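*Asks:* The structure that follows is given in the form of structure tokens.
No value in this document is a laboratory result; all are computed from the given coordinates. Being a predicted model, the structure only gives us computed values, none of them experimental. Glycine also receives a Cβ, built like all others from the backbone with ideal geometry; neighbour counts cover every protein chain displayed.
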Amino acid sequence: MSAKSETSTTTANDQALRPHAEDTFAHELKALAAADDRPRPERWRLSPWAVATYLLGGTLADGTVITPKYVGPRRIVEVAVTTLATDRALLLLGVPGTAKTWVSEHLAAAVSGDSTLLVQGTAGTPEEAIRYGWNYAQLLANGPSREALVPSPVMRAMAQGMTARVEELTRIPADVQDTLITVLSEKTLPIPELGQEVQAVRGFNLIATANDRDRGVNDLSSALRRRFNTVVLPLPATPDEEVDIVSRRVEQIGRSLDLPAGPEGMDEIRRVVTVFRELRDGVTADGRTKVKSPSGTLSTAEAISVVTNGLALAAHFGDGVLRPGDVAAGILGAVVRDPAADRVVWQEYLEAVVRERAGWKDFYRACREVSA
Amino acid sequence: MTTRSTGEPVLLGVRHHGPGSARAVRAALEQAAPDAVLIEGPPEADELLPLALHKDMRPPVALLAHVLDDPGRAAFWPLAEFSPEWVALRWALEREVPVRFIDLPAAHSLAMTAEEEKTEEEKTEEGKTEGGKTEGGKTEGEKAEREADEAEAPDVRIDPLGVLARTAGYDDPERWWEDVVEHRGAGSGEGADALAPFAALAEAMGALREAYGDGGHDRDPVREAHMRLRLRDARREFGDNIAVVCGAWHVPALARRSTVTADRQLLKGLPKVKAAVTWVPWTHRRLSRRSGYGAGIASPGWYGHLFSSPDRPVERWMTKVAGVLRDEDYAVSSAHVIEAVRLAEGLATVRGRPLAGLTEADDAIRAVMGDGSDAPSLLIHDRLVVGELLGEVPEDAPAVPLQRDLARSQRTLRLKPQALERELELDLRKETDAGRSRLLHRLRLLGIPWGEPTRSRGSTGTFRETWLLRWEPELSVRVAEAGIWGTTVLSAATAKAASEAVGAASLAEVTALAEQCLLAELPDALPVVMRALSDRAALDADVGHLAQALPALVRSVRYGDVRGTDGAVLRDVALGLAERVFVGLPPACTGLDDDGAAEMRGHLDATHQAVGLLGQLEAGARPEDGTPELRSRWAGVLRALSRRDDAVPGLIRGRAARLLLDDGQLDDGEAERLMGLALSPGTPPADAAGWIEGFVGGGDGGMLLVHDERLLALVDGWLTSVPDAAFTDVLPLLRRTFAEYESGVRRTLGELVRRGPAATTRDPAGGASGTSEAGGTGGEAAAPGFGPGLDRDRAAAVLPTLRLLLGTDQDGDPARPTARRPDSDLTGARP
């Protein structure tokens, strides 16, 4: 039995480093529940409309301001919420740094008022984490019984009609993943040892998150995939948004690493984000030239790590100012994942796009140096 | 707005191309049973209306009005099956109720458009003037249509529906309309008044027009005056029980009372042209906004579906979608359809809409059927939401303007269509012949193969073209079909080329298209084609394709220069392509088998030639930075290739070394070193043989070796320096290459070698340098194998002819390899 899924809070809320969503935003949820007069699916704390409002933000009739939890396309949230009210489970896909876990937590908090029924997916997640385990002392003393059974978060969610969460579904070994098929299609979890079963109560559903472009994951079997409605969380829509996210995160990380970060680095951050976006989208920022996309994900999270690395280089080996040379090697590492194909992609990009661009001479030279 | 009881005509304000409107119109007509139906549209088309009942008439079609002697100036009134106008037209024709078009005659509107274009730069066209409500409505002239997209500035032209929708709290007027009108379902109760929604809408429009006046649509008062006059005529003729189907915007104006004189006054002195009207087939794609035709609805396929499905539109839609996806090998089961319908309906509830619409359906398809990816959604959008439907027009419809334009061109170019096959020689330097060539090329692009280019029998100059002409009867049908592309041969060919460029599957197709565009002289299509070309080039991962495309493109650049076309765009694209070849070539040369290596050698040669040519052109265009850079970069690639070992086949390495040598980028010592390296005992025999083949040119390279003294000297020099012990190892390799030469060539080679090296290549041979410098080869020694003496006078006598051949003047610099060979031939020739 994995202990990590047992997350019942023992810490006092005010002392927790990071309180749960339903605690942090308890007042908003309460105000929404009070103002919400639309029909609610059984055992939902709020109506789908109110859940969407909780995530996207807004002002209620009584003047309560709901802060936006997710900044992004409205339709994505609407589809996600609606899916939870249907027969199918919800699969949130996206590259790292697109707020999958964040959305899943808030959805669970708003729908069921409890975001802690969580299974963290890892390569070592056992079947017990999804089905049930045994309390061996009890089992040995009294034989198999419901008392000796240790339910998983999924089982508890089924029994109580709550929303269960599975993080990083694709990291879980394929045979363990498939345990979910019965749960999601038959809505029941048999316990053959006792000749019993746990049937899902109305209101039960499951939110899974997965990274769709990582390597070394266990792809979902199509049987399992059919049980999910898939919502892809997009990357930041505009360059400014992304630059903003990157610089904010870099600053936070830099502070904990005692790295000096000045506004001088902004140009370089913008450049890194531009390169990442252009390669990712397969087209230059001005929309005039197409470029090939490398095999790497080039997520915002990677941009952040490239810049952080560059900052460390600049601080310890340079003059403390982020320069093209400091990020060039990092970018190369992020872009060229497949030594043969990606290298061609990168060199084409360098020659066709970077070389011609005004003000990018230093960067071009630095990249040529590390790519040679 | 009043009903018939008060003796007033029934005014049915509609949204053009709205299925809901269309249904409502049908219901209203059934209820009102008018004695005549008046429809917004050009009155010139009145006599063509009965064709709408013809069994071969299949919407979407469009009424096309054009200026009789200038088909380029045209206006379209597209009608889909779900257009209220079409429904009203069919209703009236089926019941033999008189039906009339009452809008301003096309003769005036075409003339007005022309004048407006002349007098002011302001982009004006009629379709747009009707604002949002007619976004499906009518446009005038292709130019105007193209501009419509750009002119979509809502702050300038007030969009009546947008205002209504904003008032109702919708950000998208189309969705508002869908919710309020389109989604009302087939019957809102049996006893319901079919006229009630029109009354409500008219009232809303009345309020809008009170607030906004004409909304800045300058032509509306004139058009509405004309409609009022026609309405009055009709009332005199048929009595008061008349139905009018027009854009909702016009309803208040038609209901308003005004005097005949005032209306006549407005219509006085309008410009006029001779206009002709006909039916043309239309496509769903052209109805859609995306195609660049301003008049449009985003989702004709969806509207068609809404109109044609009797009930449960979402369920039926999802089933259709599943069918399309299954055909494309997506695993979509009925369970998917069920879930998608459920999700769509749930979404509609969350969004507070009465019924799931296209947005909900789309979201549901993406989440349920497409695993969150965009690919199926795009497919569905293309196939179903827009749809591929092509309309049909009966054969007895009047000739399309394209036909007239073609006839006109045939007259001016004195090129009669004849069924007999005949050959036509064109001298492109003559104006008429150039025009004929352009026409034939354009027609070929349009799929009307009146002429087939053939190889000229006599001269083969660039300025000559030979065509085989034969006019088959079915070509007339092709012309009619091509009518959907445009009203003139030029505009149709341009539109077709642009659309083909976008849809082309491979890079080579686009390159060919670019060449065709140049031949047919379609300057407006060229940017689109170039855009597609550079996009494809950027995404094509196969260097072979790129290398194949490059020569044709460079040819086009040069050809464009000859014809005086602006080749700057082409040149940039060609340069970009070359750049990509440079980057991609070295990795692509690794790990090839024999066939692959032979193919790659072909690419290497083609690229080399293209780069040489491009370098020249580049030098002409930008003397300061063009040539040296491009050529030296290419030399860098070749050098990298020639120096790499193992992974790159010997054939490629040898070829690269040879190309470098020819370009003077590799000195003889280095070449010798590379040769030694490639043929040394450590190299696998096959690889070494490949190298020498690549270097001296394979089966047909013997002649080269005979004539290229330097090359021979190099091989000879290296061979003599091979130590005795190693010689026996090398021998088989050389034999493998030389055995392929013809016996005559072999004998000559033997003789040349036997005659011995008169002078080594490193010796400056005084006698030859003076004359050969004019050829640009640099002070070459007297060729090995020949005596050092040179008869200057005899050599000089040849030079003028030589210059003429090479097309250079005294200091000209013809491409090196071509120049040197004849040069060394001549200087080496002895009496």
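*Asks:* Just need the relative contact order of segment B:401-485 here, percent rounded to a whole number, with Cα pairs under 8 Å and 6+ apart.
*Replies:* 38 percent.
*Asks:* Please give, to one decimal in nm, the separation of the simple spin-label points placed at A:Leu140 and A:Glu369, each 7 Å out from Cα toward the Cβ.
*Replies:* It is 6.5 nm.
*Asks:* For segment B:1-101, build the convex hull from the C-alpha positions and give me its volume per residue in Å³.
*Replies:* 111 Å³
*Asks:* Once you treat every alpha carbon in segment B:241-391 as an equal point and sum by Debye, what is log10 I(q)/I(0) at q = 0.09, 0.10, 0.15 Å⁻¹?
*Replies:* -0.46, -0.54, -0.87
*Asks:* Within a Cβ distance under 10 Å of A:Lys187, other residues only, what is the Lys/Arg minus Asp/Glu net charge?
*Replies:* Computed value for this residue: -1.
*Asks:* Next up: Where does the charge balance sit around A:Tyr54 when Lys and Arg score +1, Asp and Glu -1, over other residues with C-beta under 9 Å from its C-beta?
*Replies:* Computed value for this residue: 0.
*Asks:* Now, a different point. Quick one: dipole size for segment B:281-370, taken about the Cα centre, charges +1 on Lys/Arg Cβ and -1 on Asp/Glu Cβ, in debye to the nearest 20.
*Replies:* Result for segment B:281-370 is approximately 380 debye, rounded to the nearest 20.
*Asks:* What are the ³J(HN,Hα) values, in whole Hz, obtained from phi via the Karplus relation 6.51 cos²θ - 1.76 cosθ + 1.60 with θ = phi - 60°, for each residue of segment A:351-365 in sequence order, with x given for Gly and Pro?
*Replies:* 6, 7, 10, 5, 4, 7, 7, 5, x, 10, 4, 4, 4, 4, 4
*Asks:* Put +1 on the Cβ of each Lys and Arg and -1 on the Cβ of each Asp and Glu in chain A; which of A:Phe25, A:Gln252, A:Trp44 then has its Cα farthest toward the positive end of the dipole?
*Replies:* Most positive-ward Cα: A:Trp44.
*Asks:* Per DSSP H run of at least 4 residues, take -39500 (n - 2.57); add these up for chain A, divide by its residues and hand me the 222 nm value, nearest 500 deg cm²/dmol.
*Replies:* Roughly -12500 deg cm²/dmol at 222 nm, from the helical runs in chain A.
*Asks:* Run the quick spin-label model on A:Ala159 and B:Ala647: label points 7 Å from Cα toward the beta carbon, then report their separation in nm to one decimal.
*Replies:* Computed distance between label sites A:Ala159 and B:Ala647 equals 6.0 nm.
*Asks:* Another one. Where both partners of a DSSP beta bridge lie in segment B:363-472, what percent of those bridges are antiparallel, to the nearest 5?
*Replies:* 100 percent
*Asks:* OK, next. For segment B:324-354, state which GluC sites (Glu not before Pro) are in a DSSP loop and have at most 13 other beta carbons lying within 10 Å of their beta carbon.
*Replies:* Counting only loop positions with at most 13 other Cβ atoms within 10 Å, the GluC sites (Glu not before Pro) in segment B:324-354 are B:Glu328.
*Asks:* Sticking with this one: Could you pull out the pairs from B:Lys55/B:Lys320; B:Lys274/B:Lys430; A:Lys69/A:Lys100; A:Lys100/A:Lys290 whose alpha carbons sit more than 23 Å apart here?
*Replies:* Table pairs above 23 Å Cα-Cα are B:Lys55/B:Lys320; B:Lys274/B:Lys430; A:Lys100/A:Lys290.
*Asks:* Here's something else I'd like to know. Given an 8 Å cut-off on Cα distances and at least 6 residues of separation, report the relative contact order of segment A:239-371 as a percent.
*Replies:* 24 percent
*Asks:* As an exercise, find the ratio Rg/Rh for segment A:3-232 from alpha-carbon atoms, using the Kirkwood inverse-distance average for Rh.
*Replies:* Computed over Cα atoms, the ratio is 0.98.
*Asks:* Take peptide A:306-316, look around each residue's Cβ out to 10 angstrom, count Cβ atoms belonging to other protein chains, and average those counts.
*Replies:* That works out to 0 on average.
*Asks:* Here is a further query. Where does the Debye-calculated log10 I(q)/I(0) of segment B:309-387 sit at q = 0.14 Å⁻¹, using only Cα point scatterers of equal weight, no solvent?
*Replies:* Cα-only, vacuum Debye calculation for segment B:309-387: -0.39.
*Asks:* How many partner chain Cβ atoms sit within 10 Å of a residue's Cβ in peptide A:223-235, on average, as a whole number?
*Replies:* The mean count of partner-chain Cβ atoms within 10 Å per residue comes to 4.
*Asks:* Report the FRET efficiency, 1/(1 + (r/R0)^6), for B:Thr720 and A:Ala358, where r is their Cβ-Cβ distance and R0 is 51 Å, rounded to 0.05.
*Replies:* 0.35
*Asks:* Mind checking A:79-92 for the average number of partner chain beta-carbons within 10 Å of each residue's beta-carbon?
*Replies:* 5
*Asks:* Hey, another quick one. Just need log10 I(q)/I(0) for segment A:135-258 at q = 0.09, 0.14 Å⁻¹, Debye formula, equal scatterers on the alpha-carbon atoms, no solvent, rounded to two decimals.
*Replies:* Here the Debye-derived log intensity ratios amount to -0.43, -0.80.
*Asks:* Under 8 Å for C-alpha pairs, at least 6 residues apart: give me the relative contact order for segment B:309-387, rounded to a whole percent.
*Replies:* Reported as a whole number, the value is 27 percent.
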